[in-house]
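The values are calculated or read from the model by the stated rules, or taken from the named source; none is laboratory data. Everything numeric here is computed off the predicted structure, so don't read it as measured data. FYI the Cβ positions are ideal-geometry reconstructions off the backbone, even for glycines, and counts take in every protein chain you see. Protein only, heavy atoms only, side chains kept; ligands, DNA and RNA dropped before computing areas. Shrake-Rupley method; radii C 1.70, N 1.55, O 1.52, S 1.80 Å.
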Amino acid sequence: MVVKASPAAPAKSAGVFQDIINSIFEPGVNHGVMLVMNCAFFGLFVILLYLMVATNFNLHVCALTVIAALLFGSIQWFIMEASAAQQRQTASPASPSMQTPKNKKKKL
């Protein structure tokens, strides 16, 4: 028997790796996926900063660092906007103007 957590009480995490596996079957992004993604980007930034210092601020490495930072920022922004839209959708029912009439005749 599977018990779903109510929206008022968030589900307890079973662990990062279990969250990643569960995220395959659930809509949205859970905490485990965000944690792994943020750790991966942190590792990328550490390596890129080391390469910038080691290569005496090579233009190519600096450009890669900027691209990685923009990618990280855009992913974070997209996830925040998607979760805000999902919360708005679950918080308010569909407005009557969004519903289509059932007996509307088609024009030929």
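What the table shows:
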item: Test: residue in the stretch 79-90 that is exposed (fewer than 10 other Cβ atoms within 10 Å of the Cβ) and modelled with pLDDT of 90 or more; result: yes
item: Test set (1) under 17 Å from the mean Cα position of the chain (by Cα); (2) open to solvent by less than 50 Å² (accessible area, probe 1.4 Å); (3) at pLDDT below 85 - Gly32 fails condition number; result: (3)
item: Selection count where residues are over 30 Å from Gln89 (Cα atoms) and either part of a loop (DSSP other than H, G, I, E, B) or in contact with a strand residue (DSSP E or B) (Cβ under 8 Å, 6 or more places away or on another chain) (or both), scope the stretch 16-67; result: 4
item: Some residue of the stretch 61-69 being at pLDDT 95 or above and open to solvent by 90 Å² or more (accessible area, probe 1.4 Å); result: yes
